[in-house]
Amino acid sequence: MEQIKVVLNDNEIPKQWYNIQADMPTPMKPPLHPGTGKPVGPDDLSPVFPMNLIEQEVSQQRWIDIPEAVLEKYLLWRPTPLCRALNFEKLLGAPVKIYYKNEGVSPAGSHKPNTAIPQAYYNKIFGIKRLATETGAGQWGSALAMACKIFDLECRVYMVRVSYEQKPYRRLMMNTWGAECIPSPSTMTNAGKQVLAEHPDSPGSLGIAISEAIEDAVTHQNSRYSLGSVLNHVLMHQTIIGLEAQKQMEKIGVYPDVVIGCAGGGSNFAGTALPFVRDKIHGKKVQIIAAEPTSCPTMTKGPFAYDFGDLAKMTPLLPMYTLGHDFVPPPIHAGGLRYHGMAPIVSHLVNEKLVEARAYNQMETFDVGVKWARTECFIPAPETNHAIAAVVDVAMKAKEEGKEKVILFDWSGHGLIDLAAYDAYFSGKLEPYELPDEEIRRALKAIEGLPKP
Ligand SMILES: Cc1ncc(COP(=O)(O)O)c(C=O)c1O
């Protein structure tokens, strides 16, 4: 009998996160202060984040200990199983072995608690009482709501309006864990009011919701902001996925030829891939692919440029692939992939050609997601379907070339709260939308005049 699941015991959980900043082959460009054009320092960030997380953000230390209190909470669902997708392999009939990390087994249903738990913990020990954040699909908001409950912090989540309307159950998860969830753009902040004055029907975007959450955090006492993706420390917390996968693959004596993840802000992709990027930097042959939507083709169509992380220009200028900070992505269902930028770490690796990016339209992603559900049975989140589309792409190429391949990918979350999106797909309401080049050219006007990396 083939082994389907590779599991680690609780005491085999990795005890440190991996920080790729220690191993980057070329230095990353620093985030810049928009006023001075100079690199931002820890003090610039201190109204927004607690100092212990700022230290992680800029750390060059390769391994960072996971605090005992965080490990204890990770053990509620981690280590997650590494599974072999034997039924899906049979369906594809390609000479590939497909392994996936099932991050859908977390209480919130995705990889997001991997960073929500440490972020809530570090804020708590720094003396913070309340966190504000944004959420796209609602996965991050629900993960942070849960983490705040665990560490007894108040939590307010600004949820991109289109997702708020499509996903009432995500909001209810946040409410169940004791958090407040507000559709963005809202009238709670100046940033939200400004958008509503110009576009009363705005579907919202992560860029707008981030502006609202930062404004909220800096205007409330004892509050800080928490971000579910993009930043260095967030990606580092997620490396627990790739580190577990390495141990699990070692147990069965295999090493992947290809590592794949879907990328919105880049955190689940990076969390899975970065330990393998480290191997690649040290000479290992491994192909690493980030999958994004054709409706928000940040890495495949955007330039590598300095840009703001949010619409209201409250963040520092980040060196990243971007479609421009005022880009409002069309309301496709993969709400978690609708971000105009990409994590600076992932952007740097794409620019260095250590990582490649591919884009898939939502029709092809739902096609393969349904095939997955009908073979492997777990129903994937719409975001995860993009990673599955890349897996199929690689498998079909292997079939064409008659080459055997071992594929590892991150199954970033389940789609049980996203069934309305499946309904839209089944009833023919989805289109294979590709963002037109004119819209990209228009949106990129927003970064004209900003410094170049
Ligand atoms: C299930 C799932 N996968 C992927 C993503 C994309 O985020 P990231 O690129 O930070 O992993 C999200 C974001 O909400 C998500 O919910």
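The values are calculated or read from the model by the stated rules, or taken from the named source; none is laboratory data. The structure displayed is predicted, hence computed values, not measured ones. Neighbour counts are summed over all protein chains in view; Cβ atoms, including those assigned to glycine, are modelled from backbone coordinates with ideal geometry. With ligands, DNA and RNA removed, areas are computed over all heavy atoms of the protein, side chains included. Shrake-Rupley method; radii C 1.70, N 1.55, O 1.52, S 1.80 Å.
How many residues does the range 123-152 hold that are of a type in the set (Phe, Trp, Tyr) and surrounded by fewer than 24 Cβ atoms within 10 Å (Cβ to Cβ)?
2
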Notebook entry, point to check: Looking at the range 138-158, which of the residues that are out of contact with any Gly (no Cβ under 9 Å at 6 or more places or on another chain) and away from the ligand (no atom under 16 Å from the Cβ) is nearest to Ala179 (Cα to Cα)?
Noted result: Arg156
Next item on the list: Can you tell me which residue within the range 225-273, out of those that are open to solvent by 10 Å² or more (accessible area, probe 1.4 Å) and of a type in the set (D, E, K, R), is nearest to Ser142 (Cα to Cα)?
Entry: Lys247
Next item on the list: Please go through the range 64-80 and pick out each residue that is in contact (Cβ under 8 Å) with a residue 12 or more places away in the chain, open to solvent by 30 Å² or more (accessible area, probe 1.4 Å) and not aliphatic (A, V, I, L, M).
Entry: Asp65, Lys73
Margin query: So Glu383 passes all but one of these: (1) more than 19 Å from the chain's Cα centre (by Cα); (2) open to solvent by less than 30 Å² (accessible area, probe 1.4 Å); (3) charged (D, E, K, R). Which condition number does it fail?
Written below: (1)
Next item on the list: Please enumerate the residues belonging to the range 198-213 that are part of a helix (DSSP H, G or I), open to solvent by 10 Å² or more (accessible area, probe 1.4 Å) and more than 16 Å from the ligand (Cβ to nearest atom).
Entry: Glu198
Check: What helices (runs of 4 or more DSSP H) lie completely within the range 85-174 and have 2 or more residues being over 18 Å from Pro203 (Cα atoms)?
Finding: 86-92, 113-125, 139-150
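Residue-wise test of (1) modelled with pLDDT under 95; (2) over 23 Å from Thr375 (Cβ atoms); (3) assigned to a loop (DSSP other than H, G, I, E, B); (4) more than 16 Å from the ligand (Cβ to nearest atom).
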| position | (1), (2), (3), (4) |
| --- | --- |
| Val392 | no, no, no, yes |
| Ile407 | no, no, no, yes |
| Leu416 | no, no, yes, no |
| Ala424 | yes, no, no, yes |
| Lys429 | yes, yes, yes, yes |
| Leu435 | yes, yes, yes, yes |
Next item on the list: Quick one: count up the residues across the range 112-122 that are open to solvent by less than 10 Å² (accessible area, probe 1.4 Å) and more than 16 Å from Gly178 (Cβ to Cβ).
Entry: 4
Checklist line | Residue among Lys97, Lys38, Lys101 that is basic (Lys, Arg) and buried (at least 21 other Cβ atoms within 10 Å of the Cβ) | finding: Lys101
Next item on the list: Check off (1) open to solvent by less than 20 Å² (accessible area, probe 1.4 Å); (2) at pLDDT 95 or above; (3) within 13 Å of the ligand (Cβ to nearest atom) for Phe378 and give me the number that stays unchecked.
Entry: (1)
Next item on the list: Return a yes/no flag: does the range 198-205 have any residue that is under 20 Å from the mean Cα position of the chain (by Cα), farther than 26 Å from Tyr74 by Cα and not polar (S, T, N, Q).
Entry: yes
Next item on the list: Could you tell me whether the range 387-395 includes any residue that is β-branched (Val, Ile, Thr), open to solvent by less than 10 Å² (accessible area, probe 1.4 Å) and closer than 28 Å to Leu311 by Cβ?
Entry: no
Next item on the list: Return the only residue of Tyr100, Tyr74 being at pLDDT 95 or above and in contact with a strand residue (DSSP E or B) (Cβ under 8 Å, 6 or more places away or on another chain).
Entry: Tyr100
Notebook entry, point to check: Can you name the condition, by its number, that Glu400 falls short on among (1) part of a helix (DSSP H, G or I); (2) within 16 Å of the ligand (Cβ to nearest atom); (3) not hydrophobic (A, V, I, L, M, F, W, C)?
Noted result: (2)
